[in-house]
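Down below is the structure, laid out as structure tokens.
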Amino acid sequence: MKLTAKSSIYYLIYTLFIFTVGTILFYFLIRNILFNAIDEALHQEKNQLVENLKYEKDFKELQNSEFIEIIEVGADSKPYDKYYNRSIYNAVKNEYVDYRELKSVYKHGDNFYEITIRQSLNEAEALINSILPIEVTLFLGLIIGVLLINRFISNKIWQPFYDLVDRLKNYDLTNIKIIPYKKSNVDEFDELSEIVEKMTTRIYKDFNSQKEFNENSSHELQTPLAIIRNKLELLIQSKNLNDDDMVLIGSVFHTINRLTQLNKGLILLSKIENNQYSELSRINIGQLLDTLLVSFEELINEKNIEVSLNILKVIIIPANQILIETLLFNLISNAIKHNINDGGTISITVSKNTLEISNTGNDLPVEAERMFDRFLKSSTSEMSVGLGLSIVKKICDLYKFKISYTCVNKIHTTIIEF
């Protein structure tokens, strides 16, 4: 949820609370004012009636009306005024009508009389009922106006922040080197933009330094490794070596080859992370698999592995040719390298947007989720450097491919969803 929406919700909750409480209080306030006005009118009418009654000799001759009643009460009564509401059935309208009544005891001569004066509440209730919709409409208009104004002001104030977020989302070292500082009319956003500019400047410098280090280190390592390999090849050809010397030289030679593979793997990972394989082409996965299997044919026959390639659906993806070749090469190489020595199987299936490679092998020494970790080896092979599946995972991450690895009943399965 966005910050502006969240703040608007708090404003709405608070406004609704004030609106509800205010409406109730306003209703009772208007009702109280109207009742006080009616009570005052009743009191004035009673006073006027009392003044008129002073000239009457006998109240028995007076006729009660719908709004005024006068009855004689006991001599022990005391003068008082009492206001209250009362509902009286109206036979003409066939309904109950609400009245506001004033009951007052009045002494006339030696007798006490109870005077009841009533006034219909229909007009007051009609007035209240007409005021309430207006009040609700005004409050709703106020709420909507506050929310709209708050949203407009918030969006306008927060616009520099959203612009900065968009620029951060689209930030790519290969295309955008630095996110420049942009001044706004909010000090906090100016400070944030300035920090982002300094941060991206530092990131770009570190990126160039790392890239330069990787390029230099790879170049510097390749040369001495090639020299050592050539010297060892010359030394192996010497006729003065005994069997023990040959074993030692062979061990060193294998170590040099492993270092060479390790160097190449780390360089490849670094180039992938630095997005140095930006050239794209349309690659047919099925055709590329068929081509790579031909290059592995000798090794497959040597380990007596049965391979089946099932292309159920043609998959063509836009990607870098070198990276996809490396991905498929590593997967097939792992399926062969970690297979059983005789009678093993490899099943490769290309279906709709999915590549599945399954092979027989031994149980995993670690959890399947860790198979993509760098320098993690599932075999004891001296030539394995533990980067094959890490490179595969890095390529999949680059192109947003979904990859999974499982091992059930010694059947290793890698699935890639393009």
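Here are the numbers:
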{"read-out": "Unique match (being outside any helix (DSSP H, G or I), open to solvent by less than 70 Å² (accessible area, probe 1.4 Å) and either out of contact with any helix residue (DSSP H, G or I) (no Cβ under 7 Å at 6 or more places or on another chain) or small (Gly, Ala, Ser) (or both)) among Ser193, Ser184", "value": "Ser184"}
{"read-out": "Only listed residue being surrounded by fewer than 14 Cβ atoms within 10 Å (Cβ to Cβ) and at pLDDT 80 or above, chosen from Ile18, Ile38", "value": "Ile18"}
{"read-out": "Asn175 vs. criteria at pLDDT below 80, polar (S, T, N, Q), within 59 Å of the chain's Cα centre (by Cα) and open to solvent by 80 Å² or more (accessible area, probe 1.4 Å)", "value": "yes"}
{"read-out": "Selection from region 100-119 of residues that are touching a residue at least 24 places away in the same chain (Cβ under 8 Å) and among the small types (Gly, Ala, Ser)", "value": "Ser104"}
{"read-out": "Among (1) at pLDDT below 90; (2) more than 15 Å from Leu293 (Cβ to Cβ), the one test that Ile315 misses", "value": "(1)"}
{"read-out": "Count of residues meeting criterion [within 25 Å of Gly344 (Cα to Cα) and touching a helix residue (DSSP H, G or I) at 6+ places or on another chain (Cβ under 6 Å)] in region 394-413", "value": "4"}
{"read-out": "Test: residue in region 92-99 that is in contact with a Lys or Arg (Cβ under 7 Å, 6 or more places away or on another chain) and in contact (Cβ under 8 Å) with a residue 24 or more places away in the chain", "value": "no"}
{"read-out": "Of residues in region 115-137 being among the hydrophobic types (A, V, I, L, M, F, W, C) and surrounded by fewer than 11 Cβ atoms within 10 Å (Cβ to Cβ), the one nearest to Leu34 (Cα to Cα)", "value": "Ala126"}
{"read-out": "Search result, residues across region 230-272 that are among the small types (Gly, Ala, Ser) and more than 30 Å from Lys400 (Cβ to Cβ)", "value": "Ser238, Gly250, Ser251"}
{"read-out": "Any hit, region 243-259, residues being closer than 30 Å to Val350 by Cβ and without any contact (Cβ under 8 Å) to a residue 60 or more places away in the chain", "value": "no"}
{"read-out": "Criterion: aliphatic (A, V, I, L, M), open to solvent by 80 Å² or more (accessible area, probe 1.4 Å) and at pLDDT 75 or above - qualifying residue of Ile33, Ile71", "value": "Ile33"}
{"read-out": "Which numbered condition Leu364 misses (of (1) modelled with pLDDT of 55 or more; (2) under 24 Å from Ile272 (Cβ atoms); (3) part of a loop (DSSP other than H, G, I, E, B); (4) among the hydrophobic types (A, V, I, L, M, F, W, C))", "value": "(2)"}
{"read-out": "Number of positions in region 341-359 that are touching a Ser or Thr at 6+ places or on another chain (Cβ under 7 Å), more than 25 Å from Leu269 (Cα to Cα) and open to solvent by 60 Å² or more (accessible area, probe 1.4 Å)", "value": "0"}
{"read-out": "Test: residue in region 206-221 that is at negative phi, modelled with pLDDT of 80 or more and open to solvent by 80 Å² or more (accessible area, probe 1.4 Å)", "value": "no"}
{"read-out": "Subset of region 256-294 (residues that are out of contact with any helix residue (DSSP H, G or I) (no Cβ under 9 Å at 6 or more places or on another chain), surrounded by 15 or more Cβ atoms within 10 Å (Cβ to Cβ) and among the hydrophobic types (A, V, I, L, M, F, W, C))", "value": "Leu262"}
{"read-out": "Hits in region 159-172 - residues which are in a helix (DSSP H, G or I) and either modelled with pLDDT under 80 or among the polar types (S, T, N, Q) (or both)", "value": "Gln159"}
{"read-out": "Inter-residue pairs, beta-carbon under 9 Å, first in contact (Cβ under 8 Å) with a residue 12 or more places away in the chain and in region 262-280, second acidic (Asp, Glu) and surrounded by 15 or more Cβ atoms within 10 Å (Cβ to Cβ), 6+ apart", "value": "Ile267/Glu215; Ser270/Glu215"}
{"read-out": "Options Lys60, Lys82; residue that is modelled with pLDDT under 80, open to solvent by 100 Å² or more (accessible area, probe 1.4 Å) and either farther than 23 Å from Ala37 by Cα or part of a strand (DSSP E or B) (or both)", "value": "Lys60"}
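The values are calculated or read from the model by the stated rules, or taken from the named source; none is laboratory data. Quantities reported herein were computed from a predicted structural model and do not represent experimental measurements. Cβ atoms come from the backbone with ideal geometry, glycine included; neighbour counts cover every protein chain shown. We work out accessible area using only protein heavy atoms, side chains counted, and drop any ligands, DNA or RNA first. Shrake-Rupley method; radii C 1.70, N 1.55, O 1.52, S 1.80 Å.
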